[in-house]
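See structure below.
The values are calculated or read from the model by the stated rules, or taken from the named source; none is laboratory data. Keep in mind that what you see is a predicted model, and the values were worked out from it rather than measured. Glycine also receives a Cβ, built like all others from the backbone with ideal geometry; neighbour counts cover every protein chain displayed.
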């Protein structure tokens, strides 16, 4: 006996799927990837899984009749959990009935976040009211929008309503709502033109991601060197610039905004997204960067006790900051923990799920120009920071570059063969990114081309058994010894210099000594850690064994080390698609303790030790 | 045996009172009029009645030791309910320990409102932090302010903090906080320079009251004719002006702001209050006025179904509206009920306590250029409005004027004697205000000088027994008959003309027919009313018997009639000193039903009947 095959058309997806008589609509939707909100567990109690369907389905159940009004039933409103297919049917699934979980990719791991962005766009067809029971125009709009929460509106949108509603009978309008506040009404149906940008403002590198706020999907990513690097490579030099120049803050803020606006342009142009359709930005960064971004003088971060003006999340309007997006867009800057453990760390902690860490002992190290380290132990979150320098972002490294096309991200030395490099993108090598730097450092050690003090050996100092190819890569000029990783087709060499290695040593020492100091503070050993998250813009292929070999991190079982990439910007993305994540960020930032470790004499000793390599 | 007399000095009042050993501090304070917050009923459980005292009092009780920290006890923090006088003592009572009830005078009646203004100013002495456990500057300020709620701050104040905190060690700073948000920090201690303005924007008259937001006391009151009257006497003509002129809305808004700014000047100058010390305004008015005030096009109020753009409370910043107060000041416009039952009615309802009306059947009529009537019956609030015209505010009456100095507010005619007028202030008569108009109308009827149609009788038509003095006041010229109420020292006569009486008839008919229609709608009679509140800017001495005689209101037992004056502005005052009152206003406005009574044919008939007088 063959079963009759029916067609279920799903709107607004315009998808058609094959079904059989008696199939549950909820199950069919689930199989096609449409997850419904079903807090009651399909018991027809919550009434959340509403769909619209008029033909080809079973009659309403008693449970449905109790939850849905006569009017709703007449309009074809049904509960998906109670409805079965009996013929060809067309089902419309309203967005409010859809499960709002989304998964965000963080490195190899994933974390769930409820999809509840601050910005919601919803279209309606405007109809005039009759005399009896007439509401205010605004309340009438709220009713048409069918938003149960009490909507409010500020003057900027209220003043525009009368002209919008004149002659609007039968026309579509789209409401833009932020946190229960109507912030704009647009003509026509622009419901799906709703975007946001998540931004990580690093001292050296700025990264932005454009997100579709209707789906939560990432549209594009772009990065650029912070325009402030002209005024100094680290936060202290930026703060000095502010101290020494009367208009220093404005100059630095404007340099930063130019870079952010460049990134916005890079994000929008290829995907043809209109700047007017960007309604919100979330920003992470270290405290000096977020202060300058908002035009707040960062000088208190330059002196003991290194305190920020504010640590809490701040909202500001994009227009007043000079950002080239919709003027009603708002910027949400995530909270920070301390002067040198900023919103970028909070973003990384969110991305790693350390807002809800469970029973284990977790540590996260976010490596940028500064390195921030956070330990979760027995319900406490303890944070410290150490100055790593910009080596892993490519700065102050002769051929350093950000992890983009042309960057050498992986290096292997074969003592019997040659040097092999993996380059990002199908392009010629242009430089070395963070993961490449870790690799080449570890490989030079392993191959015996560098001693424990970090000195590159001269060709005549190395093992005589070394392959001639490798030996040939060791060159010497007036600046000293350097190692040639690759040459491009024009014959230009990508090299690692002795000076580069000194930068690498500073960076790895900062991380290693911070990690150890924080563990020591609560009498733990690296082996006690159940998870170690290493975050930063190194590139995609950071090898944890190489990081251990280099001495960047202490010896931790490999399966406990998770390289989670630029987790700060992932945190900004989470905060962009989920106001729940913003609340978690605020709570996490408030509860974390800050340990002023880097100021102690003990730390200086530890740091000096960590400069050396283990052979 | 004589008891030893001790002295208790109370700070910051600088008051000294005599006490005896063993007297409870809480009781002494209460007797001197200082009421403390004691939600636990003196059980030493809530810890709310904190005072500062170091000498001359009993040792801390066990209960105190449980609630207060060692540090607090060392600083002299005590609970007033547990502390007894044993010697001469100096007690400081912080404002947060004081009971926050205030009484607001409404006509003869009073209503209680919790004193919780949206604006709070608090001074602190700034101290730098040490290295360990340093907070952000903002969190440090919050801690110094000892505000338990999580304070937030926007960019406009955050950007100013670094300069304020530089070299501030040991100096006083004053925080300005609105709804848990820090909106400004001022140098020095300006805690007591904190004012607000409550404003009733009538079609004809605008009234403002300056309030001290530290004490809740009224400082001064001022009124002026709405600068828009140049563009028409009623709301319909203002709406037409907006419709017919491209810049009509801007012209009317600017005329209104000029008047409001004049009133602000009148309020501030005599009391030497700095405009910078005005941090908040509350505004009531009919919907057309509040729309124009906020720059929202009121045209939808000019046509059926007469709907406003918005009914809910709106907040706007004073600077963008062009108000001459502190630029950070905010304007809170109270919510309205319907297009012709606006925020002024909601204010009057608050003032009359109809947000919590109890079991009885109450009615409130607020008489301005429009008359709004609200009935409370069995938990329902029903509202309607009728067009009364501006007669009671003095407009369109030949010698009409607002109830200010020189206004005749009371009139008595003695058929055997003469006409006696009571004039506001010790000045010569300049005109007739609303209550005087009601009086002279009622008296002309009683004395037989006017017939039931409102026609003034000629000298030869009146009773021959009338005193020659009164008869002599009936004059006739080319415009018709008029009655001379008074003459000033320059020989100028204050008269009531036949045309004035037609205006009075329209006004009284509007009120009477509205009251009756609303009662009829729920099958009630005037005698069923337990309270009848009559509100409006008539003047201080409106006589309810005269209002009944005139037929303005139906016959209601006198002790149930309460003349509550300009209750709309009292509502604005309540909302200024109490955010709780704002919540009540919003709830009340949302729950009230609006009856579109004035549009029915039945109402037109009723109105025509009500034009006549009862003899």
**Asked** If you scan the stretch B:124-141, which residues turn out to be at pLDDT 90 or above, crowded, with 17+ Cβ neighbours inside 10 Å and touching a strand residue (DSSP E or B) at 6+ places or on another chain (Cβ under 9 Å)?
**Response** B:124, B:126, B:136, B:138, B:141
**Message:** Given the condition more than 19 Å from the chain's Cα centre (by Cα), modelled with pLDDT of 95 or more and surrounded by fewer than 21 Cβ atoms within 10 Å (Cβ to Cβ), answer yes or no: does some residue in the stretch B:347-367 qualify?
**Reply:** yes
**Fill in**
The one condition residue B:222 fails out of (1) under 18 Å from residue B:503 (Cβ atoms); (2) touching a residue at least 24 places away in the same chain (Cβ under 8 Å) is (1)
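Just checking, does the stretch B:463-476 include any residue being assigned by TED's automatic domain parsing to the domain that holds residue B:426, touching a strand residue (DSSP E or B) at 6+ places or on another chain (Cβ under 7 Å), under 20 Å from residue B:418 (Cα atoms) and part of a loop (DSSP other than H, G, I, E, B)?
Taking the stretch B:463-476 as the starting set, the residues that turn out to be assigned by TED's automatic domain parsing to the domain that holds residue B:426 are B:463-476.
Adding the requirement that they be touching a strand residue (DSSP E or B) at 6+ places or on another chain (Cβ under 7 Å) leaves B:470, B:473-475.
Right, trim to under 20 Å from residue B:418 (Cα atoms) and you get B:470, B:473-475.
When the remaining residues are screened for being part of a loop (DSSP other than H, G, I, E, B), the result is B:473.
The answer is yes; a qualifying residue exists.
So that you can scan it fast, the table gives a plain yes or no per residue for (1) closer than 25 Å to residue B:124 by Cβ; (2) surrounded by fewer than 16 Cβ atoms within 10 Å (Cβ to Cβ); (3) in contact (Cβ under 8 Å) with a residue 12 or more places away in the chain:
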position	(1), (2), (3)
B:177	yes, no, yes
B:187	yes, yes, yes
B:209	no, no, yes
B:213	yes, no, yes
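With respect to residue B:295, determine if the residue is surrounded by fewer than 24 Cβ atoms within 10 Å (Cβ to Cβ) and under 16 Å from residue B:580 (Cα atoms).
It is false that residue B:295 is surrounded by fewer than 24 Cβ atoms within 10 Å (Cβ to Cβ) and under 16 Å from residue B:580 (Cα atoms).
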**Message:** Looking at the stretch A:154-162, can you tell me whether even one residue there is within 13 Å of residue A:120 (Cβ to Cβ) and either touching a strand residue (DSSP E or B) at 6+ places or on another chain (Cβ under 9 Å) or within 14 Å of chain B (Cβ to nearest Cβ) (or both)?
**Reply:** no
**Prompt:** When you look at residue A:494, is it farther than 22 Å from residue A:369 by Cβ, under 32 Å from the mean Cα position of the chain (by Cα) and not in a helix (DSSP H, G or I), yes or no?
**Reply:** yes
**Prompt:** Restricting the stretch B:382-401 to residues that are in contact with a helix residue (DSSP H, G or I) (Cβ under 6 Å, 6 or more places away or on another chain) and outside any loop (DSSP other than H, G, I, E, B), which is farthest from residue B:498 (Cα to Cα)?
**Reply:** B:384
**Fill in**
Within the stretch B:163-179, residues being away from every other protein chain (no Cβ under 12 Å), in contact with a strand residue (DSSP E or B) (Cβ under 8 Å, 6 or more places away or on another chain) and within 30 Å of residue B:267 (Cβ to Cβ) number 7
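Could we say that residue B:336 is more than 15 Å from the chain's Cα centre (by Cα), buried (at least 24 other Cβ atoms within 10 Å of the Cβ) and closer than 25 Å to residue B:209 by Cβ here?
Details: more than 15 Å from the chain's Cα centre (by Cα): yes; buried (at least 24 other Cβ atoms within 10 Å of the Cβ): yes; closer than 25 Å to residue B:209 by Cβ: yes.
Considered against the rule, which asks whether it is more than 15 Å from the chain's Cα centre (by Cα), buried (at least 24 other Cβ atoms within 10 Å of the Cβ) and closer than 25 Å to residue B:209 by Cβ, residue B:336 comes out as yes.
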**Asked** Consider residue B:113 against the criteria (1) in contact with a helix residue (DSSP H, G or I) (Cβ under 6 Å, 6 or more places away or on another chain); (2) at pLDDT 90 or above: it satisfies all of them except one. Which criterion is unmet?
**Response** (2)
**Item:** Evaluation of residue B:95 against (1) within 30 Å of residue B:536 (Cβ to Cβ); (2) modelled with pLDDT of 75 or more (one fails), failing number
**Value:** (1)
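For the stretch B:275-381, give me every one of the strands (runs of 3 or more DSSP E) that falls completely inside it and has 1 or more residues that are within 12 Å of chain A (Cβ to nearest Cβ). It would help to see each step written out before you state the result.
Working: elements: B:278-285, B:314-317, B:330-333, B:362-367, B:371-377.
Answer list for the stretch B:275-381: B:314-317, B:330-333.
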**Prompt:** How about the stretch A:402-422: which of its residues are in contact with a helix residue (DSSP H, G or I) (Cβ under 9 Å, 6 or more places away or on another chain) and closer than 24 Å to residue A:564 by Cα?
**Reply:** A:402, A:403, A:407, A:408, A:409, A:410, A:411, A:412, A:421, A:422
**Prompt:** Going by the structure shown, is residue B:208 farther than 19 Å from residue B:342 by Cβ and in contact with a helix residue (DSSP H, G or I) (Cβ under 9 Å, 6 or more places away or on another chain)?
**Reply:** no
**Message:** With the requirement that a residue be touching a helix residue (DSSP H, G or I) at 6+ places or on another chain (Cβ under 9 Å) and assigned to a loop (DSSP other than H, G, I, E, B), what does the stretch A:443-456 give you?
**Reply:** A:447, A:449, A:451, A:452, A:453, A:454, A:455
**Those residues of the stretch A:312-336 which are over 17 Å from residue A:264 (Cα atoms) and touching a strand residue (DSSP E or B) at 6+ places or on another chain (Cβ under 7 Å), in sequence order** = A:312, A:313, A:314, A:315, A:316, A:334
**Request:** Please specify each residue of the stretch B:439-457 satisfying the condition of being closer than 14 Å to residue B:611 by Cα and surrounded by fewer than 17 Cβ atoms within 10 Å (Cβ to Cβ).
**Result:** B:451, B:452, B:453, B:455
**Message:** Looking at the stretch B:67-85, can you tell me whether even one residue there is in a loop (DSSP other than H, G, I, E, B), modelled with pLDDT of 80 or more and crowded, with 20+ Cβ neighbours inside 10 Å?
**Reply:** yes
**Asked** Which members of the stretch B:227-248 meet the condition of being under 27 Å from the mean Cα position of the chain (by Cα), under 11 Å from residue B:288 (Cβ atoms) and in contact (Cβ under 8 Å) with a residue 40 or more places away in the chain?
**Response** B:228, B:234, B:235, B:236, B:238, B:239
**Request:** Please go through the stretch B:247-274 and pick out each residue that is within 14 Å of chain A (Cβ to nearest Cβ) and modelled with pLDDT under 95.
**Result:** none
